[in-house]
Amino acid sequence: MKVAFKLNGRAVSWEASPGESLKALLHRRGVISVRDGCDGEGSCGLCAVLLDGRLVNSCLVLAAQAEGSTVLTVERFSKDRKLGVVQRALVDAACVQCGYCTPAVVLAIHDLLERSKDPTREEVRDALSGTLCRCTGYEQFYAAVRIASRRLADPDYSEALAPEFKPELRHVGKDREKVDAAALALGEKAFVEDRVEANACHLKMLGSPHAHAWIKSIDAGAALAMPGVVAVLTHENCPDKVYTTAGQGFPEPSPHDQRMFSRKVRHVGDRVAAVLAETAEEAEAALAAIKVEYEILEPVLSIAAAKAPGAPVVHSGEVRYVVGEPPAGSSTKGDGRDDPITYQFPLHADPHRNLAASAADGIGDIEKGFAEADVVIERKYRGNRVQSTPMEPHSVFAKVDGGRLVLHASTQVPWHVRRVVSRVIGIPENKVRVVKERVGGGFGAKQDIVVEDVAGYLAWTTGKSVFFRYNREQEFIASRTRHAMEITVKLGARRDGKLTAILMRLDADTGPYGQHCLTVPMNAISKSLPLLLCENARFEVKSYYTNLSPAGAYQGYGAPKGSFALQTALAELAAELGIGQLEMIEKNRVTSGARIEILRSLGEGREGQAVTLGECGLGDMIARGRKSLSWDEPKPDSGDPDWKIGRGAVIIQQGSGLPGLDAANAEVRLLADGTVILLSGGADLGTGLDTVTAKAVAETLGLEMEDVAVISGDTDTTPFDKGAYASSGTYFSGNAALKAAEDLRAKILATAAAVLGEKPGDLRVERGGKVVGKNGSISFAKLAHMATQGEGHGELTGQACFKTDHAAFPYGAHFVELAVNARSGEVKVRRYHAYQDCGTPINPALAKGQIFGGCLKAIGHSLYEEMVYDGEGRCRNPRFLDYKIPSIYEVPEDFRVELVPVEDEVGPFGGKSISEIAVNGAAPAIAIAIHDAVGAWCREWPFTPERVLRALGKL
Amino acid sequence: MPTRDYLRPASIDEALAARAAKPEAAFIAGGTFLLSSDRPTAPRLYVDVGRLLGAKIERRGAELVLGAGATFQDLVDAPALPAALKAAAATMANRNVRNRATVGGNLGAGKSCSSLIPALLALEARVVCAERPDAAHLSLPLSSWLERPTGLVLEVIVPVEAGRRAAFARWSRSACDLSVLTAAASYRLDGPGSIRGLAVAAGGLGPRARRFPEIERLFEGGALPPRGEIEALVAPLLSPVDDHRGGAAFKRLRGASLVADAILTAEEQA
């Protein structure tokens, strides 16, 4: 049927099918700014349009219903690529992180400003209530609305959104426009889905309906014969290789325990078969025609079930070790039926008893420590699975071009993708190119090779272009989740609060495969234990296979759960001793100049060493929070006898990349007009890494930001980078860009010295792209132009590799004030103040945005986010209708982030990491505040009203 | 997804005829249920009544008339809506959805998580619906219509009675979540604290939101009881199911507490 309507002022008449949504029609006709994060469920708001002046989700409108209507999309609000006032305000207020939601936000704010000239906070909330954003924490949207509304009256209006740092530097420490923000706010092509060619084939995956089963038989004959079907891939015809999907440096500290398709399915949603067909509908239809017979096995659905004697075995194949011997007493002989498991080095595993990995170590003598204690407590804390829910699901577009495989990927780890995919297919790495597109949220889930292996293989073997995009349910059940963990903490202390011994026993549930099975739980220890100084400390970590959804990397990488357990236990001990919570922290925390002995046993993949800390900003941060929350004053009264007020505070830390293990490279090229191109291996996930690296170059070369173009994350054109994980972006990729710029600067000076006939030492680079000496000066443009000429000196490029043995710890202190309804169990976070040391904040407003985003995610994890499973291992809430992530309504009324920098000697311009740390604070701070309010300890998160009432003994 | 047909009739009568001719057809207006959570079982034919239904919200004598085509945002923006009704409308998901979801569609979907239905039930609303072309419209109590939905809802009539107090309460996991549990109550207070004409409705406690005469009987004619008494008497009458939105014991406790909230806050909302 024909549908005629007015789109952005232009009359269109387009063919639509009767059941087709307006969103599908718009997208099909090339209006790519209309995004989709929930498969047309209407719960994410990313497909919003203004339909006859009302903001609606275009997935919930039939195309036919738009007949005769006026439809506006973000394209309406800019002209000739010039940002409209709302777009400009969003860019200026640092609201464009991954940018996947930005076009929808632009429309919502336009709609709001039509109704209200100077909107209140409540009006902003209402206007943005339908748009989900997982990056920003929404707080800065209020500023964006304010700026836009003021500029409508006064076009020159501006305001400072964050304090400035490093007065001696021009760009670093000042807010500059995020380099990709404008394109994202305009809704231009940026993401994998925007690269898909019109004739691309579609890949659809058949997921297992059972949590644990053998595939007795699989018959794809009927599916293969269906119209449009190009190929069907199953365990019978896929490459016979086991690998790990963890995007970690090789050899990975994760067992190679996964085949592209296996005879055994190990979780609901596990791969059974892939269909490649000419259309998505044909692929879906063919999936339904694949006949599979299963031999259903008893599933392992908890840590307790995994370790029970005689438990069903998740992996029963032969266990091999590349380096080292199997642990004494472990079983290695396979059942001849299941896929083998290869450990690159011993991880103290015993897979046939569902133990994927383990580790134990410590310092001092904990028995002696506990014996010396006046008080000993032992508590058990639990945290369930949560999902990172990037608004753009895992997506890849694979094609063969020039005899090589090209993968347009939404990934954090382009080089690991290249390595793994080439090995799986069995072609050399030089036959594979991975192009990281803009990533619509990664948060760790895109550290793994979740879709690229099968799409790459099918593209390579069929020669067809292949588009594979997860739907939201797959994103929940077959992507990566945060490991469920049970952590027992035993603490001993003297009467004055000084700790004498710490024991942390951690059991993790890694799910069906072992990606990150040891490193995530270890990080729970290594980012929590070193915050407390205690001579006797020990940890025991075990990671178990289960038949629940795969676990993996997620912002914080285990640290949120370690932090929850240890910080809450410390507060419980303080309560036991009658000591103030902050006094207890002060008595035991790491301090400037402290020797952190526990790091001897927390080597993160190499030999651990004790570290003597330089300056530590925690004292300042705690003092600030104490003051701003009026900690020493009586708590405010809620004015309602049911609502009780409570306060809590925690200290947190993270790292800045993996010293001694990882490396990043960059190259800077000087062009003939004096501008530069930065080739960075770094993978910007919307975090602003490309802006950090561009700043490093502009600062070093005395250029403007516009003089630096960043090309990043392309394995063909940019140099190697370990990828974006472990909070490494600024520290590693940023430093590589800085050092490459310094290298170029040295070459510019050397060349200029020859041209000007002066000593290099007499020359300096000056603002405006020129070299000035004692007698003369020459512009970069002139130098570069000469380089391109016959008599020239060769192209001027700077290169650098950054690696380090130095560990840089960002620290933070988070304070919360909340209200608990003792009758209903509801918890309302009223005030959340985050004090964060990220070293020199390279781009302060963006840094704050990331911290806001991390805090709000963690508030969601703490209060309502949880994947719930039935007795057969099926996730009961794999959609936004029932897995609630925070909307703008969940933002605390008083939400504050303050940057408290302590410069690092190795970090670029003194910078450390930001990205992960902010998620480590909310759970323990909220648990402690709940106790402060109502006197009950919640030791299992999320702290739903149901669990709070249970803790209160009311259920 | 099966191929679907779409029809945009020119009149209510045409819509009724089209639906009568094809049993696999369903009326669609805002589409926020049919195209979302109900999509897997969606009908073969959509009969689009979105532009046929009145969207006015107006006072007619002692009645408030809601056009079935009025959106939830229209309800929120309407100047003179009973507070209980406005509160219920405001809890519908978020602004994007409220801009689309209609009063008629919400009744037609008949979900247990509807906020509007319990509020309207407690206010003893009636519906006016068209069953057959060229036949007179039916007017019947919403509670009866919900037991056996028929025809196409054209209007919802809310009696406006001086002295009638009403309130709505709900529990959801987050602000823009669907309503997991709802309760609404309305009554008059006769003399010094005697409850008359108590209507109590609740949702999330079974397959449909419904009136709870068993609760009404407990408190009719009496003085406003203290919260603890309401909760203790109501809880045993609720039989929610365990699901991923909450355990049965929790829902019973919380549901009773919402009933108490509705009854007690109604006192201030005459």
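The numbers here are math on the coordinates, done by the rules we state, and not lab data. Treat the numbers as computed from the prediction; the structure is a model and nothing was measured. Quick reminder, even Gly has a Cβ in these numbers, built from the backbone with ideal geometry, and neighbours come from all protein chains shown.
For A:K79, the aspartates and glutamates whose Cα falls under 16 Å of its own Cα, not counting residues fewer than eight places away in the same chain, are A:E188. Across peptide A:884-891, the mean count of Cβ atoms from other chains lying within 10 Å of each residue's own Cβ comes to 4. Here the extension length gained between A:D805 and A:A198 equals 213.7 nm, from 0.36 nm per residue of separation less the Cα-Cα distance. The residue list A:F564, A:L7, A:V230 was ranked by how far each Cα lies along the charge dipole of chain A toward its positive end, using unit charges on Cβ atoms, and A:L7 comes out on top. Over all other residues within a Cβ to Cβ distance under 9 Å of A:P227, the charged ones net out to -2, with Lys and Arg as +1 and Asp and Glu as -1. Taking Cβ atoms as reference points and 12 Å as the exclusive limit, the residues near A:A285 contribute a net charge of -3, counting Lys and Arg as +1 and Asp and Glu as -1. If you take the beta carbon distance between B:H137 and B:A21 as r and set R0 to 30 Å, what does 1/(1 + (r/R0)^6) give as a FRET efficiency, to the nearest 0.05? Using R0 = 30 Å, I get an efficiency of 0.90.
Shown is the FRET efficiency for B:R51 and A:E122, computed with R0 = 30 Å from the Cβ-Cβ distance and rounded to the nearest 0.05: 0.40. Look at the dipole of the protein assembly as shown built from charges on Cβ: of A:A328, B:S143, A:V172, the Cα furthest out on the positive end belongs to B:S143. A cut-off under 9 angstrom between Cβ atoms defines the neighbours of A:H806, and their net charge, with Lys, Arg +1 and Asp, Glu -1, is -3. Each helix, a run of at least 4 DSSP H residues, gives -39500 (n - 2.57); summed and divided by the residues of the protein assembly as shown, these come to -7500 deg cm²/dmol at 222 nm.
Label-to-label distance, A:V322 versus A:Q789, with points set 7 angstrom from Cα along the beta-carbon direction: 5.3 nm.
The loop-placed trypsin sites (Lys or Arg not before Pro) in the range A:590-640, going by DSSP, that have at most 14 neighbouring Cβ atoms within 10 Å of their Cβ come out as A:R606.
Pairs over the 29 Å Cα-Cα cut-off, from the set A:K189/A:K782; A:K527/A:K848; A:K6/A:K178: A:K189/A:K782; A:K6/A:K178. Shape analysis of the range A:513-590 yields a ratio of the Cα radius of gyration to the Kirkwood radius, Rg/Rh, of 1.06. Our estimate of slack between A:E284 and A:D620, defined as 0.36 nm per intervening residue step minus the Cα-Cα distance, is 115.2 nm.
Of the GluC sites (Glu not before Pro) found in the range B:1-75, those in coil by DSSP whose Cβ has at most 12 other Cβ atoms within 10 Å are B:E24.
Overall shape: rounded for chain A, with the ratio a/c of the largest to smallest alpha carbon gyration tensor axis below 1.5.
Placing a pseudo-label 7 Å from each Cα along the Cα-to-Cβ vector at B:E63 and A:E15 gives an inter-label distance of 4.9 nm.
From the Cα gyration tensor of the range A:730-886, with a ≥ b ≥ c the square roots of its eigenvalues, which class applies: rounded if a/c is under 1.5, or else prolate if a/b is larger than b/c, or else oblate? It comes out prolate by the Cα gyration axes.
When the dipole is taken about the Cα centre of the protein assembly as shown, and only Lys, Arg (+1) and Asp, Glu (-1) are charged at their Cβ, what size is it in debye, to the nearest 20? Mind showing how you got there, number by number?
Working: 144 positive and 150 negative charges, 204 e Å.
The dipole of the protein assembly as shown has a size of about 980 debye.
Per residue, the convex hull spanned by the alpha carbons of chain B comes to 127 Å³.
For trypsin sites (Lys or Arg not before Pro), the sites in the range A:45-148 that DSSP calls loop and that have at most 14 other Cβ atoms within 10 Å are A:R81, A:K117. Other protein chain C-beta atoms within 10 Å of residue C-beta, averaged over B:32-40: 5.
Here the calculated FRET efficiency for A:R263 and A:Q609, from their Cβ-Cβ distance with R0 = 60 Å, stands at 0.85, rounded to the nearest 0.05.
Each Lys and Arg contributes +1 and each Asp and Glu -1, all at the Cβ; summed about the Cα centre of chain B, the dipole is approximately 500 debye.
Averaged over peptide A:60-70, the number of partner chain Cβ atoms lying within 10 Å of each residue's Cβ comes to 5.
Counting other C-beta atoms within 10 Å, which of A:E282, A:E122 has the fewest, and how do the rest follow?
Lowest count first: A:E122, A:E282.
Pull out a ≥ b ≥ c, the square roots of the eigenvalues of the alpha-carbon gyration tensor of the range B:1-107, then state rounded if a/c is under 1.5, prolate if not and a/b is larger than b/c, and oblate in the remaining case. Note, shape of the range B:1-107 comes out oblate.
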